[in-house]
Amino acid sequence: MHHHDDGPAPGSDDLTSDAASPAAEAAAASEVPAAGRNELRLVGALKTARSARLPDPDRAEDALGWLDVAVEAALGDDGARAAAAARAGLDAPGSDAPDCALALWRAAAVAADITQDADELSTALEARSALLRRLGRPVQARVELQLGAALLHEPDSFEATVLAGVVEDERARLRGAGATADTVLPEALTALAVARTQDGDHAGALQLVDEAIAHMRRIKVAGDVLPWGSLASAQLLRGRLCLWTSDPDGAQDAACDVLARPCGRAVRASALLVRALACHALQRLDDAADWGIAALELMQRAGLRRGAASAAALVARALGASAAPSRAALLAWEIAAVNAERAESPDAATLTYWWGHQLIMHGRAEEAVDVLDPVVRRARTTGTAADEARALVDLGHAHHELDRTDSALEAWGRAADLFEDCGRADDAARTLLAAGALLNRQDEAQRPRAQALFERAVQLARQVREEDPTVLPIALHSLGYVTCELGDPSGLTMLDEALALVRESAARWQEADYLDTRARSLWALRRGDEAVSTALQAADLFVDADDPGGARQAELFAAFVAAEDGAPDTGVTLFSLLADDAQAPHLVRLAALTGLEQCHVRLGDETSAARVHARLLQLQQEADAPAGHRAAGNRAAGNRAAEDDVP
């Protein structure tokens, strides 16, 4: 049973004094650039996450410190540890303060509820009620005893109904009696808000929490006693609800309210995470990473591994948003996975999968295999078919990066079967396309196997065309090309269907790419004239799609086909255009000059061939020369040209 908390205390924690800077503890690294500072903090956090025990053995200097320990233990569902901490707190200095005592007796009741110890639960509730009566709150004392554990954990449907009735009764009573601290309304409203949150009614829950906060503030302004940390905890719940109702600004305000007041490590760490999530939602990614790391560090200090895993995952997303791979993001994913695994969190498999995925993205395929293999095995025994399939896809990519083709194909084949079995035909088709492409690249002998995989991908893609229209043209494109490579002109029909589909979607670059493939397929069928004209059409489309590089490649292919197909004069024309293109990359011009020389040789024009060969050698020398030498040579050539212009 999960328990919610409305009264943690800080103890002697140095983070309670500085809400303005989430990186306050990283002062030693303050001179390091932000990216490096993040990495340094995450290296330290990973070392802490790998430690066998979080947190350190329980110890505290006073009642509020022990309250902190009790709350953190309860959040980890460690009822025995929470009970021991609450008892220690009640005997510690400071426990005679009413606000602290109310919170400690509540913590003791929560611990008893976790361990299902009815006697201890009754003792704690009676002690808290007795204290409330001494504070002049007999009504609150009586109703809290009646509600019992409903105020201590996430209410079930029956308890929620009872709480709703209590809320209505208290509202009516207060309308007649006027404002008073002798009411259970703030506690009942907060517990009912938790129930509404469970039901998905976040807007309704937010209204209840706002009402509870208003009552707490009136009690505080009147000088009456609030249980320690109860207002901060209510504001924390408000912040979460603002996130869930797409109000990141409201979440920020609530988190700042929490961070500006004394509160326990658990609530403070959670408020830091809420602020980080709000910054992420507002696309303030640097701030999200900064606050997220602060939350991670404090979660780990408090022994809250599940919260630490959530904070680390957020940091990883914030740091990984840039196009360039980030070592800091990879560290954050590892921290998330380690904490989730140690906590036996339901999210452990997912976070470990993402760690493995990021290892592949960072070119660390060997490590990715070691991470993903256990994920696959666990998904096979305790997860879903889709979970196993997703992990197998990445495992296949890792094997592919390591040139373990057979292992990659085995993983992808199994993944495709699983995706199909669980009704995800689009994912099955994509996986088959990857496997087919890998086979097709191996050697010509594997093309029939690749063709079979592409055929199955087309069948699956047709099943989901209405839901996901993007897969079918890709599958038809792959199948059409390999079919033509096998000498079967029916592949052209498949390519034409793929072209028609991308034209419908106005995907200009994809149309150019598919038309280029059709040209290459025509050449595979030895239909040279059609291949040349189609390649030149593709080049025009690449230009329209703002891809001059694609256009040059299509033109280069057309020139080579013309030269090979008995039309070297056409080849001369096409190769010359590319060779004279000063904007073309060196490799394209080298290829064009090579082809141009061969065409002149075939035409028997040795003089032109020799002239082109000299140009080719000069271009090769320029390509091999250091950049500074090339620039000097270009300036010298320019000076010579200027001198030549002098009469």
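The values are calculated or read from the model by the stated rules, or taken from the named source; none is laboratory data. All of these numbers come straight from a predicted model, not from anything done at the bench. Using ideal geometry, Cβ is built from the backbone for each residue, glycine included, and neighbour counts are taken over all protein chains shown.
Tabulated values for the structure
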{"quantity": "Qualifying residue in region 295-305 (condition: touching a Cys at 6+ places or on another chain (Cβ under 8 Å) and buried (at least 24 other Cβ atoms within 10 Å of the Cβ))", "calculated": "no"}
{"quantity": "Search result, residues across region 523-555 that are touching a Pro at 6+ places or on another chain (Cβ under 9 Å) and hydrophobic (A, V, I, L, M, F, W, C)", "calculated": "LEU525, PHE542"}
{"quantity": "Close pairs (9 angstrom Cβ cut-off, 6 or more residues apart or separate chains): without any contact (Cβ under 8 Å) to a residue 12 or more places away in the chain in region 237-262, in a loop (DSSP other than H, G, I, E, B) and β-branched (Val, Ile, Thr) anywhere", "calculated": "none"}
{"quantity": "Top-ranked residue of region 358-386 - restricted to ones that are buried (at least 20 other Cβ atoms within 10 Å of the Cβ) and within 16 Å of the chain's Cα centre (by Cα), ranked as farthest from GLN300 (Cα to Cα)", "calculated": "ILE360"}
{"quantity": "All positions within region 499-517 that are closer than 15 Å to LEU556 by Cα and among the charged types (D, E, K, R)", "calculated": "ASP513, ASP516"}
{"quantity": "Which numbered condition GLN116 misses (of (1) polar (S, T, N, Q); (2) within 21 Å of ALA234 (Cα to Cα); (3) surrounded by fewer than 21 Cβ atoms within 10 Å (Cβ to Cβ))", "calculated": "(2)"}
{"quantity": "Subset tally (residues that are of a type in the set (D, E, K, R), farther than 11 Å from LEU67 by Cα and either buried (at least 24 other Cβ atoms within 10 Å of the Cβ) or in contact with a strand residue (DSSP E or B) (Cβ under 7 Å, 6 or more places away or on another chain) (or both)) for region 89-111", "calculated": "0"}
{"quantity": "Options SER233, SER270, SER345: the member that is outside any helix (DSSP H, G or I), under 26 Å from THR197 (Cα atoms) and hydroxyl-bearing (Ser, Thr, Tyr)", "calculated": "SER345"}
{"quantity": "Selection status of LEU67, touching a Phe, Trp or Tyr at 6+ places or on another chain (Cβ under 9 Å), part of a helix (DSSP H, G or I), surrounded by 19 or more Cβ atoms within 10 Å (Cβ to Cβ) and at pLDDT 95 or above", "calculated": "yes"}
{"quantity": "Test set (1) of a type outside the set (D, E, K, R); (2) at pLDDT below 95; (3) under 16 Å from ASP516 (Cβ atoms) - LEU616 fails condition number", "calculated": "(3)"}
{"quantity": "Where a residue in region 533-556 is on the phi < 0 side of the Ramachandran plot and of a type in the set (S, T, N, Q) and its partner, wherever it lies, is buried (at least 19 other Cβ atoms within 10 Å of the Cβ) and at pLDDT 95 or above, with Cβ under 7 Å and at least six apart", "calculated": "THR534/LEU515; THR534/ARG518; THR534/ALA519; THR534/LEU522; GLN537/LEU515"}
{"quantity": "Residue tally, condition of a type in the set (A, V, I, L, M, F, W, C), surrounded by 24 or more Cβ atoms within 10 Å (Cβ to Cβ) and within 19 Å of LEU372 (Cα to Cα), over region 419-448", "calculated": "2"}
{"quantity": "Selection count, region 296-342, where residues are assigned to a loop (DSSP other than H, G, I, E, B) and either more than 19 Å from ARG240 (Cβ to Cβ) or within 13 Å of the chain's Cα centre (by Cα) (or both)", "calculated": "8"}
{"quantity": "Given (1) more than 30 Å from ARG508 (Cβ to Cβ); (2) surrounded by 14 or more Cβ atoms within 10 Å (Cβ to Cβ), number of the condition LEU590 does not satisfy", "calculated": "(1)"}
{"quantity": "Residue in region 184-204 that is surrounded by 14 or more Cβ atoms within 10 Å (Cβ to Cβ), over 43 Å from the mean Cα position of the chain (by Cα) and in a helix (DSSP H, G or I) present", "calculated": "no"}
{"quantity": "Residue within region 281-293 that is assigned to a helix (DSSP H, G or I), out of contact with any strand residue (DSSP E or B) (no Cβ under 6 Å at 6 or more places or on another chain) and polar (S, T, N, Q) present", "calculated": "no"}
{"quantity": "Qualifying residue in region 130-141 (condition: under 27 Å from ALA336 (Cα atoms) and in contact with a helix residue (DSSP H, G or I) (Cβ under 9 Å, 6 or more places away or on another chain))", "calculated": "no"}
{"quantity": "Test set (1) in a loop (DSSP other than H, G, I, E, B); (2) touching a Pro at 6+ places or on another chain (Cβ under 6 Å) - MET216 fails condition number", "calculated": "(1)"}
{"quantity": "Residue count, region 556-614 (criterion: in contact with a Pro (Cβ under 7 Å, 6 or more places away or on another chain) and part of a helix (DSSP H, G or I))", "calculated": "2"}
{"quantity": "Total residues in region 147-170, condition part of a helix (DSSP H, G or I) and either of a type in the set (A, V, I, L, M, F, W, C) or surrounded by 14 or more Cβ atoms within 10 Å (Cβ to Cβ) (or both)", "calculated": "15"}
{"quantity": "Residues located in region 132-144, provided they are part of a helix (DSSP H, G or I) and crowded, with 16+ Cβ neighbours inside 10 Å", "calculated": "LEU132, VAL139, GLN140, ALA141, VAL143, GLU144"}
